[in-house]
Amino acid sequence: MTRVRAALTHFGISVLVFSLFLSLVFFIWYPWPFNYTQGIAEIVYLMAGVDVVLGPLLTLIVYKAGKKSLKFDLSVIAAVQIAALIYGGAVIYKERPAYIVYNVGMFDVVTISDVDISGSDIKEQSVGILNRPIFVFAEKPEGKEGNDLLFLVLEGKSPDLERLPKYYRDYNSNKLNVIRGTKPAKEIPVDAGPIDMIEHINFAPVVGKKKDIIALLDNRTGEVIEYRLVDPWEKQ
C-alpha cells in the first residue's frame, strides 16, 4: 500500500467513526436548537481536527511499507485519536441538555451535570445515554418553603428552582399552568419573524448556556411547536 492510499484509507475510517459520533451528538444529546443554545461548535471542531485531520495526516507522514516500527507508529496514532474521541465525548455528554425546565414564564436548559434526578418525584424520567432532553415543569413552592428557597438562592446557598429536581413535575400534567404562565406571541418584544395563526400562539424565552432563544407554544395544548433563534432580551 502506498503512503497516500494508507492516509486516504485512514481518513475514510476516521470520517465514518466521527460521523457516527456526530449523529449521536446532534440527533440525541443535542437535538436542534439545543446544539445552538449550548454552543458546542468549538469542541466539535477541535475533535474533528484531531480525529479527522491530524490522524490521517500523521499516517501520511509516518507510513512506509516495510518499516519495522510501522505497526507501533499507527497504533500510537490510533490511540491518540481514540483518547481524543473519548475525552471530547465525555465533556460533551457531561454538558448535554438533560431537561428543558419550565420555570416561571421561561424554559431553562439544564445539563446532565446540573441535576440528580433521584431527588425527583418523576425518577422514571431519568435521562439515559440514548434519550433526548425531556420537558419538565418546575413547581414553585409556596409559603415559608418558597420564601426560604428564595433567600437561599439569593445568598448563593442553593441552586435556583430549575436545578432542584425535587420540584420537578410531569410536563404533560401541567400544560395548563404553562399556558397560563406564558405570553401571547403578539407581545414578543423582538422581531421574531412572521408567525402563522398568531392568535393561537404563546411564547417563552429559552435560556441556554451560550445563547437564549424563543419557544413558540400552541396556547390550546401547551406543546412547543417551533423555536426562533432570536435573543428574547434584545433591546429594540
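Does F72 count as loosely packed, with under 15 Cβ neighbours inside 10 Å and within 11 Å of the chain's Cα centre (by Cα)? It would help to see each step written out before you state the result.
Values: loosely packed, with under 15 Cβ neighbours inside 10 Å: yes; within 11 Å of the chain's Cα centre (by Cα): no.
Against the criterion (loosely packed, with under 15 Cβ neighbours inside 10 Å and within 11 Å of the chain's Cα centre (by Cα)), F72 does not qualify.
If I filter region 88-100 for residues that are over 14 Å from the mean Cα position of the chain (by Cα) and of a type in the set (A, V, I, L, M, F, W, C), do I get at least one hit? First the steps, then the outcome.
First pass over region 88-100, keeping only residues over 14 Å from the mean Cα position of the chain (by Cα): 88.
Those still in the list that are of a type in the set (A, V, I, L, M, F, W, C) too: none.
Among the residues of region 88-100, not one is over 14 Å from the mean Cα position of the chain (by Cα) and of a type in the set (A, V, I, L, M, F, W, C), which makes the answer no.
Against the definition (assigned to a helix (DSSP H, G or I), at pLDDT 95 or above and under 22 Å from I129 (Cα atoms)), how does V44 come out, yes or no? Steps first, please.
Details: assigned to a helix (DSSP H, G or I): yes; at pLDDT 95 or above: no; under 22 Å from I129 (Cα atoms): yes.
Criteria not met by V44.
Which of the residues that make up region 134-183 are hydrophobic (A, V, I, L, M, F, W, C) and in contact with a Pro (Cβ under 7 Å, 6 or more places away or on another chain)?
Filtering region 134-183 down to residues hydrophobic (A, V, I, L, M, F, W, C) leaves 134-138, 149-154, 161, 164, 176, 178-179.
Hit for region 134-183 is L149, nothing else.
For region 47-75, give me each residue that is aromatic (F, W, Y) and assigned to a helix (DSSP H, G or I). So that I can check it myself, show each step before the final result.
The first filter runs over region 47-75 and keeps only residues aromatic (F, W, Y), leaving 63, 72.
Once the filter is applied, which keeps residues that are aromatic (F, W, Y) and assigned to a helix (DSSP H, G or I), region 47-75 yields only F72.
I'd like the full set of residues that are free of Cβ contacts under 8 Å to residues at least 60 places away in the same chain and not in a helix (DSSP H, G or I), limited to region 192-217. I'd like the intermediate steps shown before the answer.
So the first thing to find is which residues in region 192-217 are free of Cβ contacts under 8 Å to residues at least 60 places away in the same chain, and the list is 192-203, 214, 216-217.
Passing the criteria: A192, G193, P194, I195, D196, M197, I201, N202, F203, I214, L216, L217.
Return the only residue of G55, G88 being within 30 Å of V224 (Cβ to Cβ) and surrounded by 16 or more Cβ atoms within 10 Å (Cβ to Cβ). Reasoning before the result, please.
Values: G55 fails: within 30 Å of V224 (Cβ to Cβ).
Matching residue, one of G55, G88: G88.
Inside region 101-114, can you point out the residues that are more than 14 Å from the chain's Cα centre (by Cα) and of a type outside the set (S, T, N, Q)? Show your work before the answer.
So the first thing to find is which residues in region 101-114 are more than 14 Å from the chain's Cα centre (by Cα), and the list is 102-106.
Y102, V104, G105, M106 - these are the residues of region 101-114 that are more than 14 Å from the chain's Cα centre (by Cα) and of a type outside the set (S, T, N, Q).
Does P159 satisfy being under 19 Å from D108 (Cα atoms) and at pLDDT 95 or above?
Working: under 19 Å from D108 (Cα atoms): yes; at pLDDT 95 or above: no.
Considered against the rule, which asks whether it is under 19 Å from D108 (Cα atoms) and at pLDDT 95 or above, P159 comes out as no.
The values are calculated or read from the model by the stated rules, or taken from the named source; none is laboratory data. Owing to the predicted nature of the structure, the values given are computational and were not obtained by experimental measurement. With ideal geometry, Cβ positions are generated from the backbone for all residues, glycine too; neighbour counts draw on all protein chains shown.
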